[in-house]
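Asker: Structure provided below as structure tokens; questions to follow.
The values are calculated or read from the model by the stated rules, or taken from the named source; none is laboratory data. Note that the coordinates shown come from a computational prediction; the quantities given were computed from them, not determined experimentally. Cβ: placed from backbone, ideal geometry, glycine included. Neighbour counts: every protein chain shown.
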Amino acid sequence: MRMTPALRGLIEETTLSAGHLIYPMFVTEGSGIRREIPAMPGVFNFSLDELLREVETFAHCGLGGIILFGVPGDKDEHGTSGWTENGIVQRAVTALKREFPDLLVSTDVCLCEYTSHGHCGVLSPDGRILNDQTVELLARMAVSHAQAGADLVAPSDMLDLRIGEIRKALDGAGFHELPIMSYAVKYASAFYGPFRDAAQSAPTSGDRKSHQMNPANAREGLREADADCAEGADVLMVKPAGYYLDMVQRLRARYDLPIAAYQVSGEYSMIKAAARNGWIDEARVARESLVSIRRAGADIILSYYAVQFGLGLI
């Protein structure tokens, strides 16, 4: 049953289509900016005008959508530019939905890109994240994205009780039907380095181990997902994807909710680096990596390879 392509196709168990994929994009202040990220070849920081031009090149290929990350011009200790009405992501969402109304536009909800210190929330004088004050601002950010026209909001901060507060805030603002894709099982991973360069969100001191998970823990991830389900999450995400496929599979077995997985910057950059050295076939490896995430049980995959897959390049 493996002797010909037709036979292999007949019994193929896992399918992957462009509609399963969400493409992460970075939008920054200014105009005419298309700045490649050194550690992520083929991925760029776009000003809003260039973002619209880029989306036009793949809007027809049937992707499941995009997710926006903001790179603001101004940062402060409270991440104010992340939740103001005229923030860079808010303006980008409005422009995208005007130009591409059928494109699903989701947004990252976290303060790390907008704070001067690079942490995911408001800090106490001794450098601890203040959970409740931060959650209040995250809820404001989610509402501002909804008002701009977002189809889906995705809290990535991993602070306690934020899903419930965001749900309450969205409902209170009249967005009862807007879904929440929770970064429910997000690890304090070493694979985020290239992303932090792209989003300019590396913490100026310390780390994120107080709120992101220990890579050694699995049962804890199920408790985190249980809490987010109870608070009203509509989609549960595992991040990173490739090195945590066991968690994707565990969530798939435990919940009826859609399961997402994020193939993060480090995973993408390693494939790119090996390919540039001639050690691997990039297209085959990239496709195999995405299929493996689907095989583990992910309904949705966030990946920097999404557009290349949608255009038939991998």
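Asker: Would you check which residues across the range 247-259 are closer than 16 Å to Arg223 by Cβ and assigned to a helix (DSSP H, G or I) and list them? Walk me through it before giving the result.
Answerer: First, the residues of the range 247-259 that are closer than 16 Å to Arg223 by Cβ: 247, 250-251, 253-255, 257.
Hits for the range 247-259 are Met247, Arg250, Leu251, Ala253, Arg254.
Asker: What pairs come out if I take residues in the range 66-79 that are at positive phi and pair them with residues that are assigned to a loop (DSSP other than H, G, I, E, B) whose C-beta lies under 7 Å away, six or more apart or interchain?
Answerer: These pairs meet every condition: Gly79/Leu111; Gly79/Tyr114.
Asker: Restricting to the range 47-82, count the residues that are part of a helix (DSSP H, G or I), β-branched (Val, Ile, Thr) and at pLDDT below 95.
Answerer: Of all residues in the range 47-82, those part of a helix (DSSP H, G or I) come to 48-58, 80-82.
Applying the additional criterion that residues be β-branched (Val, Ile, Thr) yields 55, 57, 80.
Going one step further and asking which of them are at pLDDT below 95, we end up with 80.
Counting residues in the range 47-82 that are part of a helix (DSSP H, G or I), β-branched (Val, Ile, Thr) and at pLDDT below 95 gives 1.
Asker: Provide a single number: the residues in the range 243-263 that are surrounded by fewer than 22 Cβ atoms within 10 Å (Cβ to Cβ) and either touching a residue at least 60 places away in the same chain (Cβ under 8 Å) or in contact with a strand residue (DSSP E or B) (Cβ under 7 Å, 6 or more places away or on another chain) (or both).
Answerer: Looking only at that region, the number is 4.
Asker: Please list, ordered by first then second residue, the pairs with beta carbon atoms under 7 Å, 6 or more apart or interchain, first in the range 1-13 and under 21 Å from Ile293 (Cα atoms), second in a loop (DSSP other than H, G, I, E, B) and among the hydrophobic types (A, V, I, L, M, F, W, C).
Answerer: Going by the 7 Å Cβ cut-off, the qualifying pairs are Ile11/Met1.
Asker: Another question, then. Hey, could you check the range 264-288 for residues that are β-branched (Val, Ile, Thr) and in contact (Cβ under 8 Å) with a residue 12 or more places away in the chain and say which is surrounded by the most Cβ atoms within 10 Å (Cβ to Cβ)? Walk me through how you get there before you give the answer.
Answerer: First, pick out the residues of the range 264-288 that are β-branched (Val, Ile, Thr): 264, 271, 280, 285.
Checking the rest, the ones that are also in contact (Cβ under 8 Å) with a residue 12 or more places away in the chain come to 264, 271, 285.
Numbers: Val264: 26, Ile271: 21, Val285: 17.
This residue is Val264.
Asker: Oh, and also: Between a first residue in the range 120-147 that is free of Cβ contacts under 8 Å to residues at least 24 places away in the same chain and a second residue that is buried (at least 19 other Cβ atoms within 10 Å of the Cβ), which pairs have beta carbons less than 6 Å apart while being 6 or more apart in sequence or on different chains?
Answerer: Hits for this filter: Leu130/Val122; Gln133/Val122.
Asker: Hey, another quick one. Report whether or not His119 is buried (at least 23 other Cβ atoms within 10 Å of the Cβ), within 16 Å of the chain's Cα centre (by Cα) and of a type outside the set (D, E, K, R).
Answerer: Numbers: buried (at least 23 other Cβ atoms within 10 Å of the Cβ): yes; within 16 Å of the chain's Cα centre (by Cα): no; of a type outside the set (D, E, K, R): yes.
Judged against the criteria, His119 is not a match.
Asker: Name the residue, out of Arg167, Arg196, that is modelled with pLDDT of 95 or more, of a type outside the set (Phe, Trp, Tyr) and on the phi < 0 side of the Ramachandran plot. Talk me through it step by step, then tell me what you get.
Answerer: Numbers: Arg196 fails: modelled with pLDDT of 95 or more.
Criteria check complete, one pass: Arg167.
Asker: Of a type outside the set (Ser, Thr, Tyr), in contact with a strand residue (DSSP E or B) (Cβ under 8 Å, 6 or more places away or on another chain) and closer than 26 Å to His211 by Cβ: is that true of Phe46 in this structure?
Answerer: No; evaluated as a whole, the condition is false for this residue.
Asker: Can you work out which of the residues in the range 83-112 that are more than 18 Å from Leu51 (Cα to Cα) and touching a Gly at 6+ places or on another chain (Cβ under 7 Å) is surrounded by the fewest Cβ atoms within 10 Å (Cβ to Cβ)?
Answerer: Start the filter on the range 83-112 by keeping residues that are more than 18 Å from Leu51 (Cα to Cα), which leaves 83-85, 109-112.
The next check asks that each one be touching a Gly at 6+ places or on another chain (Cβ under 7 Å); those that pass are 111-112.
Working: Leu111: 28, Cys112: 23.
Only one residue tops the list, namely Cys112.
Asker: Against the condition of a type in the set (Lys, Arg) and touching a Phe, Trp or Tyr at 6+ places or on another chain (Cβ under 9 Å), how does Lys75 come out, does it pass?
Answerer: Details: of a type in the set (Lys, Arg): yes; touching a Phe, Trp or Tyr at 6+ places or on another chain (Cβ under 9 Å): yes.
Considered against the rule, which asks whether it is of a type in the set (Lys, Arg) and touching a Phe, Trp or Tyr at 6+ places or on another chain (Cβ under 9 Å), Lys75 comes out as yes.
Asker: Quick check on my filter: what residues within the range 222-242 are crowded, with 16+ Cβ neighbours inside 10 Å and assigned to a helix (DSSP H, G or I)? Show your work before the answer.
Answerer: Step one: of the range 222-242, the residues crowded, with 16+ Cβ neighbours inside 10 Å are 222, 224-225, 227-229, 231-242.
Once the filter is applied, which keeps residues that are crowded, with 16+ Cβ neighbours inside 10 Å and assigned to a helix (DSSP H, G or I), the range 222-242 yields Leu222, Glu224, Ala225, Ala227, Asp228, Cys229, Glu231, Gly242.
Asker: I need a count of the residues in the range 130-156 that are over 21 Å from Gly65 (Cβ atoms) and assigned to a loop (DSSP other than H, G, I, E, B).
Answerer: Of the residues in the range 130-156, 1 are over 21 Å from Gly65 (Cβ atoms) and assigned to a loop (DSSP other than H, G, I, E, B).
Asker: A further question follows. I need the full set of residues from the range 29-45 which are free of Cβ contacts under 8 Å to residues at least 60 places away in the same chain and more than 17 Å from the chain's Cα centre (by Cα), in order please. Give the steps one after another, and end with the answer.
Answerer: Going residue by residue through the range 29-45, those that are free of Cβ contacts under 8 Å to residues at least 60 places away in the same chain are 29-36, 44.
The answer is Glu29, Gly30, Ser31, Gly32, Ile33, Arg34, Arg35, Glu36.
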